[in-house]
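Just below is one structure, and these are the notes that go with it.
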Amino acid sequence: MRQKIVAGNWKMNKNLEEAKELIKGIKKEVKNGLAEDTRVIIAPSFVNLNYATKKTKKSAVEVAAQNMHQATGGAFTGEVSADMLKKIGVDIVILGHSERREYFGETDELLAEKVNTAVANNLEVIFCFGELLEDRKSGNHFAVVESQVKKALFHLKNEDFKNIVLAYEPVWAIGTGETATPEQAQEMHAFVRELFVNVYGNETANAISILYGGSVKPANAEEIFSKPDVDGGLIGGAALKTEDFVAIIKSI
Ligand code: PEP
């Protein structure tokens, strides 16, 4: 059985007071337990991670960082290391988000380094990838996704994938209100899983969770999650409101 996951990427939203409210609301709603193999993850900003890990410790809610530096430490002003995350109880990190790629110049090569640092530090990675609108329009979307996934991940060993979750996020669907159809999501997820079958075999390929991200909301979550290769969602905007996020969790 693959894990089903709903993860909320809060991006640069929610100050401490607002984070407190949202965490309280989510915790209350997931209190009565989640189905086995179902996970709920929130990714607040760095400054609120310490608070979030403390507040969620005894709950089913897990906490992820939105980014991490590839070096173990040193003169990298403004950056945060894997060890710093681990020491405050953060065991998950989102890497490769399209906003990091676009606004902060993160390349596949850099992401491979970050992935290695995360794996070496026993951090679980939610690895994001996805094509631009122009890639889809030109029919290049499979090639782009294949290249992103292979360059950042395919140097890893089979056992490393126990700690990797994939998130397909077509860039044209992020924060735009435009969602990939459930069929488009399924098609890409099946394609990616097949890449894993070819290199790592069936067992690894079938165990890896592939989340869909891009304008998931309560109204479309159930249909997207019903697809066989869609194992949950990475949620942006709709993760910022308790009732929306909880409705999405209930759709899984
Ligand atoms: C995201 O940023 O990962 C995302 C999927 O955002 P949204 O749900 O707002 O499209």
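Remark: pairs (first residue in the range 103-117, in a helix (DSSP H, G or I); second residue β-branched (Val, Ile, Thr); Cβ separation under 6 Å; 6+ apart in sequence or on different chains) = 115/125. Before we move on, is residue 252 touching a Leu at 6+ places or on another chain (Cβ under 9 Å), hydrophobic (A, V, I, L, M, F, W, C), within 16 Å of the ligand (Cβ to nearest atom) and under 26 Å from residue 31 (Cα atoms)? The answer is yes for residue 252. Of all positions in the range 178-193, at least one carries a residue that is more than 14 Å from the ligand (Cβ to nearest atom) and either within 29 Å of residue 24 (Cα to Cα) or of a type in the set (Val, Ile, Thr) (or both). In the condition set (1) within 16 Å of the ligand (Cβ to nearest atom); (2) in contact with a Phe, Trp or Tyr (Cβ under 9 Å, 6 or more places away or on another chain), residue 97 is compliant with all but (2).
For residue 175, the criteria (1) farther than 19 Å from residue 108 by Cα; (2) more than 16 Å from the ligand (Cβ to nearest atom) hold in every case but one, which is (2).
Check the range 26-47 and report whether any residue there is at pLDDT below 95, more than 20 Å from the chain's Cα centre (by Cα), more than 18 Å from residue 210 (Cα to Cα) and in a helix (DSSP H, G or I). Yes: the range 26-47 contains one or more residues that are at pLDDT below 95, more than 20 Å from the chain's Cα centre (by Cα), more than 18 Å from residue 210 (Cα to Cα) and in a helix (DSSP H, G or I). Among the helices (runs of 4 or more DSSP H) confined to the range 135-212, the ones with at least 1 residues that are in contact with a Lys or Arg (Cβ under 8 Å, 6 or more places away or on another chain), touching a residue at least 12 places away in the same chain (Cβ under 8 Å) and within 28 Å of residue 237 (Cβ to Cβ) are located at 182-200. Restricting the range 219-237 to residues that are in contact (Cβ under 8 Å) with a residue 60 or more places away in the chain and within 11 Å of the ligand (Cβ to nearest atom) leaves a set whose member that is farthest from residue 14 (Cα to Cα) is 233. Yes or no: the range 151-166 includes at least one residue that is farther than 23 Å from residue 62 by Cα, surrounded by 18 or more Cβ atoms within 10 Å (Cβ to Cβ) and within 17 Å of the chain's Cα centre (by Cα). So far as the range 151-166 goes, yes, one or more of its residues are farther than 23 Å from residue 62 by Cα, surrounded by 18 or more Cβ atoms within 10 Å (Cβ to Cβ) and within 17 Å of the chain's Cα centre (by Cα). Among the residues here, residue 178 does not qualify as touching a Phe, Trp or Tyr at 6+ places or on another chain (Cβ under 8 Å), of a type in the set (Asp, Glu) and crowded, with 16+ Cβ neighbours inside 10 Å. Count of the range 112-134 residues, restricted to those that are over 24 Å from residue 233 (Cβ atoms) and touching a strand residue (DSSP E or B) at 6+ places or on another chain (Cβ under 7 Å), is 0.
The values are calculated or read from the model by the stated rules, or taken from the named source; none is laboratory data. Note that the coordinates shown come from a computational prediction; the quantities given were computed from them, not determined experimentally. Reconstructed Cβ throughout: ideal geometry from the backbone, glycine too, with neighbour counts over all protein chains shown.
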